[in-house]
Amino acid sequence: MNQVNEQKIPKAPSKLKHYFTFILILLLLWGSAYQTDSTFSELIEGFPNMFSVLDQMIPPNWAYFDNIIEAMLDTIRMAVLGTTIGAIIAIPFAIFSASNMIKSTWVYYPVRFLLNLVRTIPELLLAAIFVAIFGLGPLPGIFALGIFSTGIIAKLTYEAIEGIDKGPLESMTAVGANKIQWIMFSVVPQVAAYYVSYVLYSFEINVRAAAILGLVGAGGIGEYYDRTLGFLEYDKVSTIIIFTLLVVLIIDYISTKLRENLL
Amino acid sequence: MSSATRPIKPKKNIVRRWVIFIALALLYIWALSGVPIEGFKETAGQISKAIVSGIFSPDWDYVYLPEGEDLLRGLLDTLAIAILGTFISAFLCIPFAFWAANNMSKFKANAGIGKFFLSFVRTFPELVMALLFIKMVGPGSFAGVLALGLHSIGMLGKLFSEEVENIDFGPSEALKATGARPLQTLWFAVFPQVLPGFISYTLYRFEINLRSASVLGIIGAGGIGTPLIFAMQSRDWSRVGIILLGIIVMVTIVDIISGYLRKKIV
């Protein structure tokens, strides 16, 4: 009797896998902490510094506002132009990487691979390379943002194109449309709203990115971080940060509202 | 006859289209007027040629140098910064996630404040955070770890809180009915529901953090970015080429592994 009862209770699943995962994570963390020289003692030693910096950041130097307005407008201009360049270049890339537009795998796999490659390179690196080519100023920043947003917009758009309804495509083929008419009247109406929404989304990302591109000399408000932190003027730094946050939040809000209207 | 049967285009659409068109035109006039485009530097063509040839003939010797400061160690450093930064933020953001979740507090304003705080952290650029941490703990990887750890709270907290908002209250009510303490309810009813989502988002953020970690070095916060910016300043393009190649390969491999794990978990 006793034995039967014991068999009724199911055995708890083995916890070995959990223990292994746990140990693996601990090892990873320990290795990473060792590699980066991160220790708690250093963090605690840094605490007084931290508070003195924060103390100097408050109150912000409001008078500095006048000096950075022009740079902030430049940042937004860079984001607008960079997004536009990206949006235009992204169209052919999106069409050539959608499997229902181009039937040949020899075309869309290489194009997709190229897009993946572009998206692995952080925009700040692109900006640093373009600064080396074109010299200091907003121009390299605009190009970096353009290439960076091409990757995002093209990827999202080609996924939207692959999800469209086949009906209009077939009927355009049936009435004998050429390739351009085929795209204009059966693909564009179906993906236009998505495309515009993705462009706005990448504009939001680009505004944030443009705010820091100045750190490598690619124009915009980022240059002022270098200037003020170099002289330890933390009150001015906090003015720049607050201004940036304000602009980003406002642009995010407008863009989100527009996107909600579109879709 | 045939023209009369054609439907008339709706007028409202045309007006709206013109308004959008004019607004866009004004935006571009404003944007283009501000950017000084004073032509390219004469050396631009030469330098781009040097960069392209450098990228296609990478400096393979740099991959491993016995005395240190080579590509592999730089990449390992970058990876370590990303792992540690992601772990710190995944840990720290849990209380914020519960704070910002609508269904966890009785007052909606409370969750609203939490959400606002998280979006504030999200918009704070991580590079600026790294710059501030460099002033606090000195230049090096540790500043990068802290910057990533703090910055990622913003996004992870938001994603985690959405996961918390989607939980089913059945299991926790059942546990309460059996007389479980609040901590036990949290551990046995809430955590099992949100854990897969948490892990998946953490892996996703890890992918993003790896990309960020590779540029943190540009401002002196450790990782592969530091040798990269030095190589760029000394115009050593074949070294720039190998470092770029290294970053691309590492990011791609990590993306594939992390994507596989995420698919398995969800």
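Here is a yes/no grid of residues against (1) surrounded by fewer than 19 Cβ atoms within 10 Å (Cβ to Cβ); (2) under 23 Å from B:PRO125 (Cα atoms); (3) within 13 Å of another protein chain (Cβ to nearest Cβ); (4) more than 24 Å from the chain's Cα centre (by Cα):
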site	(1), (2), (3), (4)
B:GLU165	yes, no, no, no
B:ALA189	no, no, no, yes
B:PRO192	yes, no, yes, yes
B:GLY223	no, yes, yes, no
B:VAL249	yes, no, yes, no
B:VAL266	yes, no, no, no
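Conditions (1) more than 9 Å from chain A (Cβ to nearest Cβ); (2) within 27 Å of B:ILE229 (Cβ to Cβ); (3) modelled with pLDDT of 90 or more, marked per residue:
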position	(1), (2), (3)
B:SER57	yes, yes, no
B:TRP60	yes, yes, no
B:LEU65	yes, yes, no
B:LEU75	yes, yes, yes
B:THR86	yes, yes, yes
B:LYS108	yes, no, no
B:VAL145	no, yes, yes
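Listed here are the residues, each with its yes/no results for (1) touching a Gly at 6+ places or on another chain (Cβ under 7 Å); (2) within 14 Å of chain A (Cβ to nearest Cβ); (3) surrounded by 22 or more Cβ atoms within 10 Å (Cβ to Cβ); (4) farther than 19 Å from B:SER89 by Cα.
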residue: B:LYS115; (1), (2), (3), (4): no, yes, no, no
residue: B:SER141; (1), (2), (3), (4): yes, yes, yes, no
residue: B:GLY149; (1), (2), (3), (4): yes, yes, yes, no
residue: B:GLY179; (1), (2), (3), (4): no, no, no, yes
Name the residue, out of A:ILE88, A:ILE102, that is closer than 30 Å to A:LEU246 by Cα and either within 9 Å of chain B (Cβ to nearest Cβ) or not charged (D, E, K, R) (or both). A:ILE88
Failed condition for B:LYS115, given (1) of a type in the set (D, E, K, R); (2) assigned to a helix (DSSP H, G or I); (3) free of Cβ contacts under 8 Å to residues at least 24 places away in the same chain: (3)
Modelled with pLDDT under 80 and within 30 Å of the chain's Cα centre (by Cα) - does that describe any residue in segment B:22-45? yes
Determine whether A:VAL111 is modelled with pLDDT of 90 or more, within 9 Å of chain B (Cβ to nearest Cβ) and assigned to a helix (DSSP H, G or I). no
What's the total number of residues in segment A:91-108 that are free of Cβ contacts under 8 Å to residues at least 12 places away in the same chain and assigned to a helix (DSSP H, G or I)? 4
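Hey, any hits in segment A:33-46 for a residue that's of a type in the set (S, T, N, Q), over 30 Å from A:ILE153 (Cβ atoms) and more than 10 Å from chain B (Cβ to nearest Cβ)?
Yes, that holds for at least one residue.
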Condition test on A:GLY151, is it closer than 30 Å to A:ALA71 by Cβ and either surrounded by 23 or more Cβ atoms within 10 Å (Cβ to Cβ) or among the acidic types (Asp, Glu) (or both)? yes
Among (1) of a type in the set (Gly, Ala, Ser); (2) at the interface with chain A (Cβ under 9 Å from one of its Cβ atoms); (3) touching a Phe, Trp or Tyr at 6+ places or on another chain (Cβ under 8 Å), B:SER258 falls short only on (2)
Condition first: closer than 19 Å to A:TYR108 by Cα and either touching a Pro at 6+ places or on another chain (Cβ under 8 Å) or loosely packed, with under 12 Cβ neighbours inside 10 Å (or both). Now tell me which residues in segment A:167-186 satisfy that. A:LYS179, A:ILE180
Based on this model, can you work out whether A:ILE88 counts as exposed (fewer than 15 other Cβ atoms within 10 Å of the Cβ) and either assigned to a helix (DSSP H, G or I) or without any contact (Cβ under 8 Å) to a residue 60 or more places away in the chain (or both)? yes
Looking at A:HIS18 and the list (1) at the interface with another protein chain (Cβ under 8 Å from one of its Cβ atoms); (2) assigned to a helix (DSSP H, G or I), which single condition is not satisfied? (1)
Wholly inside segment B:160-226, helices (runs of 4 or more DSSP H) that include 3 or more residues that are more than 24 Å from A:THR21 (Cβ to Cβ) and not acidic (Asp, Glu) are B:170-177, B:191-216
When restricted to A:LEU215, A:LEU200, A:LEU169, the only residue out of contact with any Lys or Arg (no Cβ under 6 Å at 6 or more places or on another chain), closer than 30 Å to A:GLU70 by Cα and of a type outside the set (Ser, Thr, Tyr) is A:LEU215
Residues that are free of Cβ contacts under 8 Å to residues at least 12 places away in the same chain, more than 10 Å from chain B (Cβ to nearest Cβ) and part of a helix (DSSP H, G or I), drawn from segment A:204-232: A:ARG227, A:GLY230
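Does segment A:209-232 include one or more residues that are in contact with a helix residue (DSSP H, G or I) (Cβ under 7 Å, 6 or more places away or on another chain) and of a type in the set (Lys, Arg)? Working first, answer last.
Going residue by residue through segment A:209-232, those that are in contact with a helix residue (DSSP H, G or I) (Cβ under 7 Å, 6 or more places away or on another chain) are A:209-226, A:228-229.
Those left that are additionally of a type in the set (Lys, Arg): none.
Within segment A:209-232 (the criterion being in contact with a helix residue (DSSP H, G or I) (Cβ under 7 Å, 6 or more places away or on another chain) and of a type in the set (Lys, Arg)), the answer is no, since none of the residues qualifies.
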Applying the selection to segment B:158-206, what residues are over 22 Å from B:GLY85 (Cα atoms) and acidic (Asp, Glu)? B:GLU165, B:ASP168, B:GLU173
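The values are calculated or read from the model by the stated rules, or taken from the named source; none is laboratory data. Just so you know, these numbers come straight off a predicted model, no measurement behind them. Note that each Cβ is placed from the backbone with ideal geometry, even for glycine, and that neighbours are counted across all protein chains shown.
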